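Comments concern the structure below.
The values are calculated or read from the model by the stated rules, or taken from the named source; none is laboratory data. This structure is a prediction, so every number in the text was calculated from the model and none was measured. Reconstructed Cβ throughout: ideal geometry from the backbone, glycine too, with neighbour counts over all protein chains shown. SASA here: full protein model, heavy atoms, side chains in, ligands and nucleic acids out. Shrake-Rupley method; radii C 1.70, N 1.55, O 1.52, S 1.80 Å.
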Amino acid sequence: MTESLGEQRRGQVTAVVCAAFDPAADQAILAAREIVRSLGAPLPPTPPHRPHFTLSAARVDRAELVGVGELAAEVAARHQPIPLLLTEVGRFGRAGVVWLGPAPTTELAALQREVYRSLKTCWPPAFGERSAPALWRAHCTLATRLDKPLSRAIQAELRASHQPIRATVAGLATILVGGRGDVCYAPFS
């Protein structure tokens, strides 16, 4: 008897390799998230995951999740912490996303490119080509699924009061779509 597509996918997860920040940056980003929440974004009191930049993702069998963590650790071992400044308050209108973003850095772009290519050699990208280096945009999501008027209003309010956040990308965290917390974490060398 053959399995249905749903049965085949039950053993699969979407593993996301993320740029994880230093603790002080996490706290500052969570404070910005609270401002977004106070402006009417329907957010739970605690987010399911740490603040992060998604670097790339793969759809993997649950048994292969250890391999994703090992790959992330190998990449992390080749990188130093990346200091940056979160200066931009942005919005993806169709998805109703409000986010914080950094000025571009060559180090962050190189990290993303390496994570994307490393994952892609083992597993197909989970989000199509949205994580392809030419299309990727570093952003730390504060809220999703907002209607356009609310996302515009929140972006304007946050932009008016936002003070740049000094952050350091300190390592790579692997998280699961629909999960909570890190599956694994690899600090930079």
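Loop-resident GluC sites (Glu not before Pro) (DSSP state other than H, G, I, E or B) in region 99-150 with no more than 12 further Cβ atoms inside 10 Å of their Cβ: GLU129. Highest mean first, the peptides 163-169, 100-106 sorted by other C-beta atoms within 10 Å per residue fall in the order 163-169, 100-106. Between the listed residues VAL97, LEU71, GLN112, the Cα displaced farthest toward the positive end of the dipole of region 67-115, a dipole computed from Cβ unit charges relative to the Cα centre, is found at VAL97.
The helix-only estimate of mean residue ellipticity at 222 nm for the chain, built from DSSP H runs of length n ≥ 4 each weighted as -39500 (n - 2.57), is -11000 deg cm²/dmol after division by the residue total. Kindly provide the trypsin sites (Lys or Arg not before Pro) of region 108-157 that DSSP labels as loop, not H, G, I, E or B, and whose Cβ sees at most 16 other Cβ atoms within 10 Å. Loop-located and lightly packed - ARG130, ARG137, ARG145.
Counting only protein heavy atoms and using a 1.4 Å probe, the accessible area of CYS122 comes to about 80 Å².
Translational diffusion coefficient of the chain at 10 °C, 1.306 mPa s, Stokes-Einstein with Kirkwood Rh over Cα pairs, in µm²/s as a whole number. So the translational diffusion coefficient is about 92 µm²/s. In a DSSP loop and with at most 13 other Cβ atoms within 10 Å, the trypsin sites (Lys or Arg not before Pro) in region 8-105 are ARG78, ARG94.
Counting only residues 5 or more places away or on other chains, whose amide H sits under 5 Å from the amide H of SER56 once H atoms are built in the peptide plane? Amide H to amide H, under 5 Å and 5 or more residues apart or across chains, SER56 pairs with VAL17. When the solvent-accessible area of region 95-189 is split by element, carbon and sulfur atoms take up 55 percent of it, the probe being 1.4 Å. Summing Cβ point charges (Lys, Arg +1; Asp, Glu -1) relative to the Cα centre of the chain gives a dipole of roughly 560 debye.
What percent does the relative contact order of region 1-153 come to when contacts are Cα pairs within less than 8 Å and at least six residues apart? Write down the numbers at each step before the final one.
Numbers: 193 pairs, mean separation 46.5, N = 153.
About 30 percent, as a whole number.
Computed about its Cα centre, the charge dipole of region 69-159 is approximately 380 debye, with only Lys, Arg, Asp and Glu carrying charge at their Cβ. Amide H contacts under 5 Å for PHE188: GLY171, LEU172, restricted to partners 5 or more places along the chain or on a different chain, H placed in the peptide plane at 1.01 Å from N. By a 1.4 Å probe calculation restricted to protein chains, SER38 has an accessible surface near 90 Å², given to the nearest 10.
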